[in-house]
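A.B. asks: Have a look at the structure that comes next, please.
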Amino acid sequence: MWERFSYYGMRAILILYLTSKVDVGGLNLDVVTAGAIYGIFTSCAYLTGMSGGWVADRFLGQRKGVLLGGALIAAGNFGMMVRGLAATVIALTLIAFGTGFLKTNCTTMVGALYREGDVRRDAGFSIYYMGINIGAMVAPLICGYLGQTIHYRWAFLCAGLFMLAGLLQFSLTSRHLGDSGLKPHVPPTKQDWGILQWAGIGLAVVIAGIAVLRPSIAAFADAFGLILLLTAITTFTGLIFFGGFSTAEKRRIQLIFVLFCASTLFWSSFEQAGSTLNLFADRSTDNRFLGLAFPSSFYQALNSLFLLFMAPGFAWLWVKLGDRDPSLPTKFSWGLLGVAAGFVVMALAATAAGPTGKVGPEWLTLCYFLHSAGELCLSPVGLSAMTKLAPARIGGFMMGVWFLSIAMGNFIGGRVSSFYEAFPLPQLFGLVAAFGAVFGLILLVIAKPVARLMTADKE
């Protein structure tokens, strides 16, 4: 909960902090640069899940991974209190790596609480998802209020302190988790130590290169996007052709790849909540309710509020359907269609607002409702699918691969915000809606043959 408080508190105000004028506590960056930073940060927060999961699988165990991640997140939030672009980049990097350790390993530990074939797994992850969304709902209200009405540094301080409180709570109550996450899944080999060493050297080289070359934010973002694409291609190619898995395990990895692509498309639209939709809320929405004004970042709480109310119903539905439960690809297609419907609403809202006008809060409210319904069809089900489909010896790593899809989606969503001032908003939102709808329908058509990969005979 508190890790999500930290992340969603940052997500609610980051692009506003980056683009706000210096006299109100911001960095006064242009939208293109701010969108690139936002996209890289939110992407890295999920991309680092691969390394965080792998290190925990081999060296730390999930519990120590959670503790290390929380410490890095707290340090990063405190670092955000230091004014300046360089300090901000360093602090965001710490938060991103910390999130990779904590979120991946926490989710893997939840999966370890259920035996294979336990029908309660999907419902259990929906309950876990409620805990996540309590933090995500409260964060924009507290951090958004502190940042937009008092000063941004108070929002960052608050997030750091709550993360420390979360670490204390986890340490005091982890006895309830039994043996889950106490030890690494497999002991590290000499090859694992070599990989860790070369990864450290590679990271040092990248940092030195950035320090020497000092590329522009836009150029770095372009290179980062290419790295994301190559990482995804290399990962799945290596797993399928060179991973040494059985035929049945390869089929399951192929299914993970299909779900990976759908997830990337979904999050590239959904995660514009903190970028294009956040800018629309700040610039083109009349932020008053019953005559009372409120900060634009408050809209970021709507998604989690809707999830908290709807998650129990979805959890009940998946269990109630039993053998008639829709396949994973079908649920994913519903998720894509839900997020597409939300952007249809926003295209209409942008048309109604025009270049300089404003619309009421009901447009964004309806958009977030549709996005939340789509998320419940895809995200908790996707988390559960990774724990069911991934070969046990790479469970943590495959959870990181799942977060890689979210990383790619976040990066694309951040980059789309770079076009916020360059394209008419009805066209921009309409194009996002079209992509989601087309790929959602394609996935719905191929859902049955894709689902057969999951039910193929085991060897």
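A.B. asks: Looking at the stretch 27-47, which of the residues that are aliphatic (A, V, I, L, M), touching a Ser or Thr at 6+ places or on another chain (Cβ under 9 Å) and in a helix (DSSP H, G or I) is surrounded by the fewest Cβ atoms within 10 Å (Cβ to Cβ)? Show your work before the answer.
C.D. replies: First, the residues of the stretch 27-47 that are aliphatic (A, V, I, L, M): 27, 29, 31-32, 34, 36-37, 40, 45, 47.
From the residues that got through so far, the ones that are touching a Ser or Thr at 6+ places or on another chain (Cβ under 9 Å) too are 27, 29, 31-32, 34, 36-37, 45, 47.
Retained after the next criterion (residues that are in a helix (DSSP H, G or I)): 31-32, 34, 36-37, 45, 47.
Details: V31: 20, V32: 17, A34: 27, A36: 27, I37: 22, A45: 25, L47: 27.
In this case the residue turns out to be V32.
A.B. asks: G357 versus (1) modelled with pLDDT of 85 or more; (2) in a helix (DSSP H, G or I): which is the lone unmet condition?
C.D. replies: Condition (2) is where G357 drops out.
A.B. asks: Still on this structure, please answer the following. Go through (1) closer than 27 Å to E421 by Cβ; (2) modelled with pLDDT under 90; (3) β-branched (V, I, T); (4) assigned to a helix (DSSP H, G or I) one by one and return the number of the condition T330 breaks.
C.D. replies: Result: T330 fails condition (1) only.
A.B. asks: Please determine whether any residue of the stretch 90-105 is of a type in the set (A, V, I, L, M) and modelled with pLDDT under 90. Show your work before the answer.
C.D. replies: Residues of the stretch 90-105 that are of a type in the set (A, V, I, L, M), as a first pass: 90-92, 94-96, 102.
When the remaining residues are screened for being modelled with pLDDT under 90, the result is none.
Checked against the condition, which is being of a type in the set (A, V, I, L, M) and modelled with pLDDT under 90, the stretch 90-105 yields no hits at all.
A.B. asks: Could you please find all residues in the stretch 159-188 being among the aliphatic types (A, V, I, L, M), within 14 Å of L67 (Cβ to Cβ) and over 23 Å from the mean Cα position of the chain (by Cα)? Steps first, please.
C.D. replies: Restricting attention to the stretch 159-188, the residues satisfying the condition of being among the aliphatic types (A, V, I, L, M) are 159, 161, 163-165, 167-168, 172, 177, 182, 186.
Restricting the remaining residues to those that are within 14 Å of L67 (Cβ to Cβ) gives 163-165, 167-168, 172, 177, 182.
Of everything in the stretch 159-188, those that are among the aliphatic types (A, V, I, L, M), within 14 Å of L67 (Cβ to Cβ) and over 23 Å from the mean Cα position of the chain (by Cα) turn out to be L168, L172, L177, L182.
A.B. asks: Next question, about the same structure. Against the definition (within 20 Å of the chain's Cα centre (by Cα), polar (S, T, N, Q) and under 20 Å from Y299 (Cβ atoms)), how does N133 come out, yes or no? Break it down stepwise before answering.
C.D. replies: Working: within 20 Å of the chain's Cα centre (by Cα): yes; polar (S, T, N, Q): yes; under 20 Å from Y299 (Cβ atoms): yes.
In short, yes.
A.B. asks: Looking only at the stretch 233-260, which residues are over 24 Å from the mean Cα position of the chain (by Cα) and under 22 Å from V381 (Cα atoms)?
C.D. replies: Those that are over 24 Å from the mean Cα position of the chain (by Cα) and under 22 Å from V381 (Cα atoms): A248, E249, K250, R251.
A.B. asks: Now, a different point. With the condition kept exactly as written, say whether any residue in the stretch 393-413 is of a type in the set (V, I, T) and touching a Phe, Trp or Tyr at 6+ places or on another chain (Cβ under 6 Å).
C.D. replies: Taking the stretch 393-413 and keeping what is of a type in the set (V, I, T), we get 394, 401, 406, 412.
Remaining after also requiring touching a Phe, Trp or Tyr at 6+ places or on another chain (Cβ under 6 Å): 406.
Yes, the stretch 393-413 contains at least one residue that is of a type in the set (V, I, T) and touching a Phe, Trp or Tyr at 6+ places or on another chain (Cβ under 6 Å).
A.B. asks: Criterion first (surrounded by 15 or more Cβ atoms within 10 Å (Cβ to Cβ), in contact with a Leu (Cβ under 8 Å, 6 or more places away or on another chain) and closer than 26 Å to L441 by Cβ) does L307 satisfy it? Outline the logic, then answer.
C.D. replies: Details: surrounded by 15 or more Cβ atoms within 10 Å (Cβ to Cβ): yes; in contact with a Leu (Cβ under 8 Å, 6 or more places away or on another chain): yes; closer than 26 Å to L441 by Cβ: yes.
Judged against the criteria, L307 is a match.
A.B. asks: Let me ask another. Where residues in the stretch 62-78 are surrounded by fewer than 22 Cβ atoms within 10 Å (Cβ to Cβ) and not aliphatic (A, V, I, L, M), which of them is modelled with the highest pLDDT?
C.D. replies: Among those residues, the one meeting the criterion is F78.
A.B. asks: Between a first residue in the stretch 327-355 that is over 21 Å from S263 (Cβ atoms) and in contact (Cβ under 8 Å) with a residue 60 or more places away in the chain and a second residue that is surrounded by fewer than 24 Cβ atoms within 10 Å (Cβ to Cβ) and among the hydroxyl-bearing types (S, T, Y), which pairs have beta carbons less than 7 Å apart while being 6 or more apart in sequence or on different chains?
C.D. replies: A353/S284
A.B. asks: Still on this model: Of a type in the set (A, V, I, L, M), within 19 Å of L161 (Cβ to Cβ), surrounded by fewer than 23 Cβ atoms within 10 Å (Cβ to Cβ) and touching a helix residue (DSSP H, G or I) at 6+ places or on another chain (Cβ under 7 Å): is that true of M81 in this structure? Full working, then the answer.
C.D. replies: Values: of a type in the set (A, V, I, L, M): yes; within 19 Å of L161 (Cβ to Cβ): yes; surrounded by fewer than 23 Cβ atoms within 10 Å (Cβ to Cβ): yes; touching a helix residue (DSSP H, G or I) at 6+ places or on another chain (Cβ under 7 Å): yes.
Judged against the criteria, M81 is a match.
A.B. asks: Within the stretch 410-450, restricting attention to residues that are within 30 Å of T48 (Cβ to Cβ) and small (G, A, S), which residue is surrounded by the fewest Cβ atoms within 10 Å (Cβ to Cβ)?
C.D. replies: Among those residues, the one meeting the criterion is S418.
A.B. asks: Please work out which residue is farthest from T237 (Cα to Cα), limiting yourself to the stretch 247-289 and to residues that are of a type in the set (D, E) and modelled with pLDDT under 90.
C.D. replies: Step by step, filter the stretch 247-289, then rank; the result is E271.
A.B. asks: Counting only residues that are closer than 15 Å to M399 by Cα and assigned to a loop (DSSP other than H, G, I, E, B), how many does the stretch 48-80 have?
C.D. replies: Looking only at the stretch 48-80, we keep the residues that are closer than 15 Å to M399 by Cα, and these are 48-58, 61-62, 65-66.
Restricting the remaining residues to those that are assigned to a loop (DSSP other than H, G, I, E, B) gives 61.
Residues meeting the conditions: 1.
A.B. asks: Another question about this same structure. So how many residues does the stretch 288-321 have that are assigned to a helix (DSSP H, G or I) and free of Cβ contacts under 8 Å to residues at least 60 places away in the same chain? Steps first, answer last, please.
C.D. replies: Of the stretch 288-321, the ones assigned to a helix (DSSP H, G or I) are 296-321.
With free of Cβ contacts under 8 Å to residues at least 60 places away in the same chain added as a condition, the list becomes 309, 313, 317, 320-321.
Looking only at that region, the number is 5.
A.B. asks: Condition check: part of a helix (DSSP H, G or I), under 19 Å from C44 (Cβ atoms), among the aliphatic types (A, V, I, L, M) and out of contact with any Phe, Trp or Tyr (no Cβ under 8 Å at 6 or more places or on another chain). Does A208 satisfy that?
C.D. replies: yes
A.B. asks: Then there is this: Among the candidates S405, S384, S372, single out the residue that is surrounded by 19 or more Cβ atoms within 10 Å (Cβ to Cβ) and either of a type in the set (A, V, I, L, M, F, W, C) or touching a Leu at 6+ places or on another chain (Cβ under 7 Å) (or both).
C.D. replies: Details: S405 fails: either of a type in the set (A, V, I, L, M, F, W, C) or touching a Leu at 6+ places or on another chain (Cβ under 7 Å) (or both); S384 fails: either of a type in the set (A, V, I, L, M, F, W, C) or touching a Leu at 6+ places or on another chain (Cβ under 7 Å) (or both).
It is S372.
A.B. asks: While we're on this one: Evaluate the stretch 356-363: report whether one residue or more is touching a residue at least 60 places away in the same chain (Cβ under 8 Å) and closer than 24 Å to M130 by Cβ. Don't jump to the end; show me each part of the working.
C.D. replies: Step one: of the stretch 356-363, the residues touching a residue at least 60 places away in the same chain (Cβ under 8 Å) are 357-361, 363.
Pick out the ones that are also closer than 24 Å to M130 by Cβ and you get none.
No, every residue in the stretch 356-363 fails to be touching a residue at least 60 places away in the same chain (Cβ under 8 Å) and closer than 24 Å to M130 by Cβ.
A.B. asks: Filter the stretch 132-155 for residues that are in contact with a Gly (Cβ under 8 Å, 6 or more places away or on another chain) and surrounded by fewer than 23 Cβ atoms within 10 Å (Cβ to Cβ); which is nearest to F306 (Cα to Cα)?
C.D. replies: Out of the qualifying residues, it is I142.
A.B. asks: Take the stretch 106-122 and flag every residue that is of a type in the set (A, V, I, L, M, F, W, C), within 16 Å of A390 (Cα to Cα) and either modelled with pLDDT of 85 or more or not in a loop (DSSP other than H, G, I, E, B) (or both). Before the answer, list the steps.
C.D. replies: First, pick out the residues of the stretch 106-122 that are of a type in the set (A, V, I, L, M, F, W, C): 106, 109-110, 112-113, 119.
Adding the requirement that they be within 16 Å of A390 (Cα to Cα) leaves 109-110, 112-113.
Of everything in the stretch 106-122, those that are of a type in the set (A, V, I, L, M, F, W, C), within 16 Å of A390 (Cα to Cα) and either modelled with pLDDT of 85 or more or not in a loop (DSSP other than H, G, I, E, B) (or both) turn out to be M109, V110, A112.
The values are calculated or read from the model by the stated rules, or taken from the named source; none is laboratory data. All values reported here derive from a predicted model rather than from experimental measurement. Every residue, glycine as well, gets a Cβ built from its backbone with ideal geometry; the counts of neighbours run over all protein chains shown.
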